[in-house]
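Structure first, then comments.
The values are calculated or read from the model by the stated rules, or taken from the named source; none is laboratory data. Computed from a prediction, not measured in an experiment: that's the story for all the values here. Counting neighbours? That spans all protein chains shown, and the Cβs are built from the backbone with ideal geometry, glycine included.
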Amino acid sequence: MACLLLLLLSSLALGIHSEIKQEVAETVHFVESNWSADDTVPPEKLVLICNISQEEADSVYWTKNQKWQGNGKHLQITVQEPPDAGNYFCWSNTTHELLTNATVYLTKIYPSGEIANPILRRLPVQEPPDAGNYFCWSNTTHELLTNATVYLTKIYPSGEIANPILRRLPESKIYFKCTANNYSGIFTCIWISAIKETELMFKIGSHMKSQGNASEEIVCDEPVNDSSERNLKRYSASCRKQNSTCPSTEEYQPIEMVLQVFHGFVYEDHRHTFFIKDILKPDISECYNNKGLLTWTPPQTWSTPISYYGLTYQIKMHGQICEVSSATILQNENTLSCYNRRCSRETCVIRSRDRYNINSAWSNWSSCNNGMNDKPSHHRHEDKAKIEPCKCQKN
């Protein structure tokens, strides 16, 4: 699925104009519409400008969805609902050429300032009659001069987007999040949409310029749909710090990721700011259980050397969690072990976290059972007050 903002080509509107004789100016406008259920908030006003001189102002006209919108170099429109968004075209009356294609997107905001969030509500599929492309035509030559595309974002007075495309992530107030499994500068961002439409488009990137150094720019791959759920669409994109050669360097400036979402001419803008150290979540460790002797290694994807990028481990047995220090049980280079008789009679699981950042996430639990590594286990309702140092016994 394309993730870049698509500027709609004016050639789509040139069914009766087989030849373009001059370059068409293309502009994109993003409008935030403060929205309320009682319609007390006035619509936003936007002035579209045709790519001509002031002396030629009387020789052009505007269209949208092949309907006349007005004459002159400037076209003022009101934007409040999705029908007001779309492509606006400016045409020449004398040469019948398209001069300008203006695309307008709209975002609806609640009074609180957040995107409106009826999660299960589906956005309209078909383009409303008043939304889409506006064309400016010449009165004398009947040529297309400008194509203005208007996109709409409807905003409640609270500031929230009305009818947002994305679904909020569980147990949070954010619409997308990013995680990293090491300090390399590579991370993955995920988000969920309840809309099953092929018209969905995403653009993800960053405003980060580390101390003005372009080499620290964030580069992201195209988003992919990796959802296994039937009614939801889960998307992800892999991102990385470009030319990041020293992951151990202290972070002084956070990364601000920007996710732009397009559904027809409805537009949403979501942001997530973080340091790499705060979004760390190690992968699971390879763990083996030999008659109560747990043996495991740090996650294969974790940063090295382990002596510098330390990890804290926890073992869970019989519903109780204990914590182990890698410094005290490190054996045979990167292999760790702990013997406990209880693990010879029951399943024990382990997980890890960055030792130096207690705000980072724990990995998923990794089962240690009969020398085989099961699928990641998920254990809930953990009582942090019960966490004590592990008592690794002599074998």
Any chance ALA162 is in contact with a Phe, Trp or Tyr (Cβ under 8 Å, 6 or more places away or on another chain), small (Gly, Ala, Ser) and modelled with pLDDT of 75 or more: no
Whichever residue in region 101-131 is surrounded by 15 or more Cβ atoms within 10 Å (Cβ to Cβ) and charged (D, E, K, R) and, among such residues, is modelled with the highest pLDDT: LYS108
Sole exception among (1) in a loop (DSSP other than H, G, I, E, B); (2) modelled with pLDDT of 70 or more; (3) surrounded by fewer than 17 Cβ atoms within 10 Å (Cβ to Cβ) for VAL219, by number: (1)
Residue in region 81-100 that is in contact (Cβ under 8 Å) with a residue 12 or more places away in the chain, out of contact with any Cys (no Cβ under 8 Å at 6 or more places or on another chain), surrounded by fewer than 18 Cβ atoms within 10 Å (Cβ to Cβ) and under 23 Å from HIS263 (Cβ atoms) present: no
Number of the exception - PRO157 against (1) at pLDDT 65 or above; (2) over 14 Å from the mean Cα position of the chain (by Cα); (3) not β-branched (Val, Ile, Thr): (1)
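Quick check on region 284-321: of everything there that is in a strand (DSSP E or B) and of a type in the set (S, T, N, Q), which residue is nearest to SER337 (Cα to Cα)?
My answer is THR295.
Can you tell me which residue is modelled with the highest pLDDT among those in region 29-48 that are more than 29 Å from the chain's Cα centre (by Cα) and either surrounded by fewer than 20 Cβ atoms within 10 Å (Cβ to Cβ) or in a helix (DSSP H, G or I) (or both)? Steps first, please.
Residues of region 29-48 that are more than 29 Å from the chain's Cα centre (by Cα), as a first pass: 38-42, 47-48.
This time we only want the ones that are either surrounded by fewer than 20 Cβ atoms within 10 Å (Cβ to Cβ) or in a helix (DSSP H, G or I) (or both), so: 38-42, 47.
Values: ASP38: 66, ASP39: 68, THR40: 73, VAL41: 77, PRO42: 83, VAL47: 95.
So the residue we want is VAL47.
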Qualifying residue in region 49-56 (condition: assigned by TED's automatic domain parsing to the domain that holds ASN87, closer than 13 Å to THR146 by Cβ, at pLDDT 90 or above and not in a loop (DSSP other than H, G, I, E, B)): yes
Conditions (1) in a strand (DSSP E or B); (2) at pLDDT below 85: number failed by GLN22: (1)
